[in-house]
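The values are calculated or read from the model by the stated rules, or taken from the named source; none is laboratory data. For clarity, every value in this text was computed on a predicted model and none was experimentally measured. We place every Cβ from the backbone using ideal geometry, glycine too, and count neighbours over all the protein chains shown.
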């Protein structure tokens, strides 16, 4: 109400006008595209839902708070003398610049926005920019006018009128190339020209053609060619909206003495390739005494070479007796950087003085190695919904060039202690009741190991990498307490830039539950349901504690389940209570059993994003995983490998067998003016078969959380329409769709409006509850919808995010109670995260 009552023109001087609106009409129709509006030099103050909040915040601030303070002191001499006696004269003067006096006004000014005062000169310049905008798109006869309209006192708008006329089309294309070598090269590739006849003229296409030609020349020996040597002559005289284009490629200009002369461009050949491997102490190349010639490349080092020559030459794509190529130079730079054992490589080219024709270049590559061993300690403080306080620390060492083949060995140990939330902690427990520790070892090779001669299938320009890793962790907390052993044999390669394949040839995970007897202390929902059923039947009193509840300490819940399933209670078979007990038993067995997962998977990732500032891109990620086939073959080699329930074992552990596939697609649309629409679609399914009737917990899906459906907490949504009855709800099928509108509020502060839709289901597994199962298209009615808004603070290298999600459509409720029944603050979910959710 205060903002609304604040006049927008409060800070507008007399004789000036506040710019309220820009209206653009093109050929008699209203034009509202951001691309056209972006051509204007002046824009009205920003608004949010029709309110100019930032302008009103600025108007609330005092113009000169410290001056007002000094004037107030002069009007109140007694107060002035009192402050001086308490603080001193200097401190009293400085009080005017303190937050108490002027800080609020300064904060309002920083958050706010100065009034945009109409400037007619800016309007005139905007008409020129609009004319140039359409001129560059083939509307050569464009006319632009403007008119200023006074809306009310001190408020005005500007009307821009654009008349484009008919566009011009390309009628013919000629070329004039002064350098003979370049003319031959251009003529051989003329058909690839981006300039097409009978297409509308567009200067952007002409500039793209200049880029194409420059790349063509520099990739074929024209080392010193630049885009600035390409010009166009456009002839429209006597044409009926037709344009003839003459593409001109000039000779280079060379300074000789005080004169500038024209010289034709030459095609350069690489005569030598030298690689200098410096040590930290080497100050110049003259200290390099050891020389090795390998595959035509000369490698010089200070003392014995610390790298196998083949490793270095495999990353160099610049070869003697070949033409200079800009793309090969970039590929070499990327390949050397990809080794990760050198600082950023230096590649320079100098003319070979031994070549009298002046058409040879010597390539000098300088490599400065990173430290042989790098120590990386870290410490973090954590908090979560199950942990009030935690401290996590890790010690990591990276050893570079372990076997003189640019290998990297990473060794790390980690540990954490924490205090669980009060609702999980027993009275007798100490403050630190959570403990976890582990160790990891990873060895990376800049090539494919155990497979030779792969260049024909996966050439070295795809940057092949082999990773072998081992990991161990032990966890003691409020849960079942686990020990986890992992081993991964991985290949990674990039056939093109921003396209990547990641193949886990072998991915082993062994999970051992150390404290399965703690299950009903962790999964309280299952316990409460079971306890309620036990009170309605003839439960053995030995299973109960003094309060008449199932005694977890004496395995009361487990004994009660066995009696129900054996028919030793009054609960009838196929009754709802019997099915519930059976379902609880199945879930308990699955979550407490040890897991052995021996899998292989391949992940394909493609992105069109060119850099961190690119906000118009897509990311596609697909993954296929298969588990259990290798384990099945190994199991046949063992005796007594079949349990009573029919499941097969490997090393006395039932192995998991399933096939899993998922697709993740992200799309960003840049609307301009720091406005972005982002979309995400995800679908995944894991189907058990053979030795498994369900999916291991670590490979299943969950819904909810700060990077998922933000109106639900993690593991609280689904499956299906079941209403999230378990403490940790998961399933083997998932759909997720998200959309988010992001825009700038002020400075580094941004806002986001979002909608998340999705759910998880059970399909083709041993779950019997129809409310949890996916039954075809009818189950799409169970897709939950969460909407909300968030505020984000952009620190540049990461974003601090705070989102509030509201349950807009909750499939866990009865059909008449699903829409907007929980659309309120009391049922809202607050999510705090780092960076955007997608």
Residues that are out of contact with any strand residue (DSSP E or B) (no Cβ under 6 Å at 6 or more places or on another chain) and in a strand (DSSP E or B), drawn from the stretch 486-512: 495, 496
Qualifying residue in the stretch 32-51 (condition: at pLDDT 85 or above, assigned to a helix (DSSP H, G or I) and exposed (fewer than 13 other Cβ atoms within 10 Å of the Cβ)): yes
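A quick yes/no check of all residues on (1) in contact with a helix residue (DSSP H, G or I) (Cβ under 9 Å, 6 or more places away or on another chain); (2) free of Cβ contacts under 8 Å to residues at least 12 places away in the same chain; (3) on the phi > 0 side of the Ramachandran plot; (4) surrounded by 15 or more Cβ atoms within 10 Å (Cβ to Cβ):
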residue	(1), (2), (3), (4)
584	yes, no, no, yes
590	yes, no, no, yes
605	no, no, no, yes
611	no, yes, no, no
617	no, no, no, yes
628	no, no, yes, yes
638	no, no, no, no
Any hit, the stretch 609-629, residues being modelled with pLDDT under 95, assigned to a helix (DSSP H, G or I) and over 30 Å from residue 747 (Cα atoms): yes
Matching residues, the stretch 180-201, being touching a helix residue (DSSP H, G or I) at 6+ places or on another chain (Cβ under 9 Å) and either closer than 19 Å to residue 136 by Cβ or assigned to a loop (DSSP other than H, G, I, E, B) (or both): 189, 193, 194, 195, 196, 199
Verdict on residue 668 being under 18 Å from residue 591 (Cα atoms), at pLDDT 95 or above and buried (at least 16 other Cβ atoms within 10 Å of the Cβ): no
Residue 367 vs. criteria closer than 29 Å to residue 300 by Cβ and at pLDDT 95 or above: no
So residue 226, is it in contact (Cβ under 8 Å) with a residue 12 or more places away in the chain and under 23 Å from residue 329 (Cβ atoms): yes
Unique match (being surrounded by 14 or more Cβ atoms within 10 Å (Cβ to Cβ), out of contact with any strand residue (DSSP E or B) (no Cβ under 6 Å at 6 or more places or on another chain), assigned to a loop (DSSP other than H, G, I, E, B) and modelled with pLDDT of 90 or more) among 811, 837: 837
In the stretch 167-180, residue farthest from residue 249 (Cα to Cα) [restricted to those that are surrounded by fewer than 18 Cβ atoms within 10 Å (Cβ to Cβ) and within 44 Å of the chain's Cα centre (by Cα)]: 167
The one condition in (1) at pLDDT 75 or above; (2) surrounded by 12 or more Cβ atoms within 10 Å (Cβ to Cβ); (3) over 37 Å from the mean Cα position of the chain (by Cα) that residue 7 fails to fulfil: (2)
Enumeration of residues in the stretch 592-603 that are at pLDDT 90 or above and either in the same structural domain as residue 543 (by TED's automatic domain parsing) or in contact with a helix residue (DSSP H, G or I) (Cβ under 6 Å, 6 or more places away or on another chain) (or both): 598
Answer residue from the stretch 136-163, given it is free of Cβ contacts under 8 Å to residues at least 24 places away in the same chain and farther than 21 Å from residue 17 by Cβ and is surrounded by the most Cβ atoms within 10 Å (Cβ to Cβ) among those: 144
Answer from 242, 199 - the residue that is under 40 Å from the mean Cα position of the chain (by Cα), surrounded by 12 or more Cβ atoms within 10 Å (Cβ to Cβ), touching a residue at least 12 places away in the same chain (Cβ under 8 Å) and farther than 30 Å from residue 328 by Cα: 199
Odd one out for residue 464 among (1) more than 21 Å from residue 628 (Cβ to Cβ); (2) more than 28 Å from the chain's Cα centre (by Cα): (2)
The lone exception for residue 516 - which of (1) closer than 22 Å to residue 696 by Cα; (2) in contact with a helix residue (DSSP H, G or I) (Cβ under 6 Å, 6 or more places away or on another chain); (3) without any contact (Cβ under 8 Å) to a residue 40 or more places away in the chain it fails: (3)
Answer from 727, 794 - the residue that is surrounded by fewer than 21 Cβ atoms within 10 Å (Cβ to Cβ), more than 24 Å from the chain's Cα centre (by Cα), farther than 23 Å from residue 660 by Cα and in contact (Cβ under 8 Å) with a residue 40 or more places away in the chain: 727
Failed condition for residue 472, given (1) surrounded by fewer than 17 Cβ atoms within 10 Å (Cβ to Cβ); (2) closer than 25 Å to residue 310 by Cα; (3) more than 27 Å from the chain's Cα centre (by Cα): (2)
Which numbered condition residue 250 misses (of (1) surrounded by 13 or more Cβ atoms within 10 Å (Cβ to Cβ); (2) within 43 Å of the chain's Cα centre (by Cα)): (2)
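Of all residues being part of a helix (DSSP H, G or I) and over 49 Å from the mean Cα position of the chain (by Cα) in the stretch 535-558, which is nearest to residue 584 (Cα to Cα)? Just the residue, please.
First, the residues of the stretch 535-558 that are part of a helix (DSSP H, G or I): 541-543, 552-554, 556-558.
If we keep only those that are over 49 Å from the mean Cα position of the chain (by Cα) too, we end up with 541-543.
On the way: 541: 21, 542: 21, 543: 17 Å.
Checked the stretch 535-558; the qualifying residue nearest to residue 584 (Cα to Cα) is 543.
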Single unsatisfied condition, residue 569 versus (1) assigned to a loop (DSSP other than H, G, I, E, B); (2) loosely packed, with under 14 Cβ neighbours inside 10 Å: (2)
Failed criterion for residue 687 (all others in (1) more than 30 Å from residue 832 (Cβ to Cβ); (2) surrounded by fewer than 17 Cβ atoms within 10 Å (Cβ to Cβ); (3) free of Cβ contacts under 8 Å to residues at least 40 places away in the same chain hold): (3)
